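The values are calculated or read from the model by the stated rules, or taken from the named source; none is laboratory data. A quick note: this is a predicted structure, and the numbers were derived from the prediction, not measured. Cβ: placed from backbone, ideal geometry, glycine included. Neighbour counts: every protein chain shown.
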Amino acid sequence: MKLGLLLLMLVGSVINFAGEKITSPATLIFVGDIMLSRGVGRIMEKKNDWQYPFLEIKDNLAEADLLVGNLEGPISSRGVKVGSIYSFRADPRAVLGLTGAGFDILSLANNHIWDYGRDAFGETLDILRNNRIDYIGAGIDYTEAHQPLVRAVRGTKIAFLAYTDLVPVGITRETAKPAVAFLDLKQIILDIEQAKNLADLVAVSFHWGNEYETKHNQQQEVMAHAVIDAGADLVIGHHPHVAQEVEKYKDGYIAYSLGNFIFDQNFSKDTRTGLIFKVKIKDKKIDKMESQKIKFTSTYQPVLDF
C-alpha cells in the first residue's frame, strides 16, 4: 500500500478519499539573458566543451521542474548578418550546453533573434525542437508566436507567453513567417485570456526596458501591472543586462529584469551580477518566491553569490 502511494506521488499527484486530485509542490526557475556567441562562444570552442558556461551552476538548477530562460540570439550555421555590430549567432553545438543544464523553455522574443535573418531564425527553431526544448514568443508564423505554451508539472498546468518591442516590425505582423510576438497590450490581453482557459497559472516573459538601468521604468510598471490585472500570475523581464527590482503586485509577482545569466559583459559592477527567480507552486497557486543573486567568473560562468 505504501509503495503504491509512493509511486502515485512520484508521477505528480495523488487522489484523496473524496476522489479529488491533490497536486504536489513544483518548482519553476527563471533565468535571464543567455548569449552563447562572441566571447562565450570562443571559450567553448577553445575548450571544446559546449557545456562549459553552465558547469558551475548546473547543480543549483537541478531542482527545477521547469527551467526557463531567454536565448539571446540564434543558434545556427546559416544566415547573413543583418543586425548591428553587436550581432550574435551561436555555433549549433552550443545547444549541448542548454540541454545539459536542463532547459525546458526558452524565450526567443528578443532583439537579437533576427541578427542573422530568416535562415538562422528558422534553423534555431529546428535545433530547439530537435533537442526537445520548447520556445515561446516566436515561431514559424504569427499564430505559433502568440500561442500559449502549456506545460503540466506535478498536477498544475502553466501557460507561458513571451513578447518584445525591440525587433523590426515586419517580423511581428500577422503575415510574418517566421514571426516574433510584439509587445502590444491589446493583443497580450487576448493571449492571456486564451491561456487562462488552458492553464491554472500564466507566466509572461518580456524583453524590454533600458539597458544598464538598475531601476525599472514607468512603461515597464504600467505594462506589468496591466497584464497581472488581465490574469497573468508571473511577469519575468530581461534585456537591461542588469538586475532590477522584484515586486509583488496583487496576487502576482514581477521580476522587472533578471539581468544576465550567460554573457560576456563583466565590464561593470552591475553587469557582473544577476538574479535567478525561483517560484514554488502548491495547490495550483504560487506558494512563495525567492530571488537568488548570482555573480560571474572571469570566464563568464554564473555561480551563486552568497
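Test residue 126 against the stated conditions and say whether it is within 17 Å of the chain's Cα centre (by Cα) and of a type in the set (Asp, Glu).
no
In the list 283, 264, 270, which residue meets the criterion of being over 20 Å from residue 101 (Cα atoms) and either surrounded by 15 or more Cβ atoms within 10 Å (Cβ to Cβ) or of a type in the set (Gly, Ala, Ser) (or both)?
270
Here is a check on your reading of the model: is residue 292 surrounded by fewer than 23 Cβ atoms within 10 Å (Cβ to Cβ) and under 20 Å from residue 71 (Cβ atoms)?
For residue 292, the condition - surrounded by fewer than 23 Cβ atoms within 10 Å (Cβ to Cβ) and under 20 Å from residue 71 (Cβ atoms) - is not met.
Report whether or not residue 116 is over 24 Å from residue 258 (Cα atoms), aromatic (Phe, Trp, Tyr) and either at pLDDT 95 or above or surrounded by fewer than 23 Cβ atoms within 10 Å (Cβ to Cβ) (or both).
yes
Got a number for residues in region 258-306 being outside any strand (DSSP E or B) and small (Gly, Ala, Ser)?
Selection size over region 258-306: 2.
Any chance you could count how many residues in region 256-276 are touching an Asp or Glu at 6+ places or on another chain (Cβ under 8 Å) and more than 23 Å from residue 41 (Cβ to Cβ)?
So the answer is 1.
So, restricting to strands (runs of 3 or more DSSP E) that lie completely within region 1-113, which ones have at least 1 residues that are modelled with pLDDT under 95 and among the polar types (S, T, N, Q)?
Per the criteria, 13-15, 21-23.
It is to be established whether one or more residues within region 86-107 are within 19 Å of residue 127 (Cβ to Cβ) and basic (Lys, Arg).
The answer is yes, given that some residue of region 86-107 is within 19 Å of residue 127 (Cβ to Cβ) and basic (Lys, Arg).
The rows are residues; the columns are (1) assigned to a strand (DSSP E or B); (2) touching a strand residue (DSSP E or B) at 6+ places or on another chain (Cβ under 8 Å); (3) in contact (Cβ under 8 Å) with a residue 60 or more places away in the chain; (4) under 30 Å from residue 296 (Cα atoms).
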site: 132; (1), (2), (3), (4): no, no, no, yes
site: 159; (1), (2), (3), (4): yes, yes, no, no
site: 186; (1), (2), (3), (4): no, no, no, no
site: 193; (1), (2), (3), (4): no, no, no, no
site: 202; (1), (2), (3), (4): yes, yes, no, no
site: 211; (1), (2), (3), (4): no, no, no, yes
site: 224; (1), (2), (3), (4): no, yes, no, yes
site: 236; (1), (2), (3), (4): yes, yes, yes, yes
site: 241; (1), (2), (3), (4): no, yes, yes, yes
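Out of all the residues in region 21-58, which are in contact with a helix residue (DSSP H, G or I) (Cβ under 7 Å, 6 or more places away or on another chain) and touching a residue at least 60 places away in the same chain (Cβ under 8 Å)?
Once the filter is applied, which keeps residues that are in contact with a helix residue (DSSP H, G or I) (Cβ under 7 Å, 6 or more places away or on another chain) and touching a residue at least 60 places away in the same chain (Cβ under 8 Å), region 21-58 yields 24, 29, 36, 40, 43, 52, 53, 54.
Please go through region 243-257 and pick out each residue that is in a loop (DSSP other than H, G, I, E, B) and surrounded by fewer than 20 Cβ atoms within 10 Å (Cβ to Cβ).
Within region 243-257, 245, 250, 251 meet the criteria.
Kindly provide the set of residues from region 65-76 that are more than 21 Å from residue 171 (Cα to Cα) and touching a residue at least 40 places away in the same chain (Cβ under 8 Å), ordered by number.
Hits for region 65-76 are 65, 66, 68, 69.
Quick one: residue 229 ticks every box in (1) over 20 Å from the mean Cα position of the chain (by Cα); (2) under 24 Å from residue 73 (Cα atoms); (3) acidic (Asp, Glu) bar one, so which box is it?
(2)
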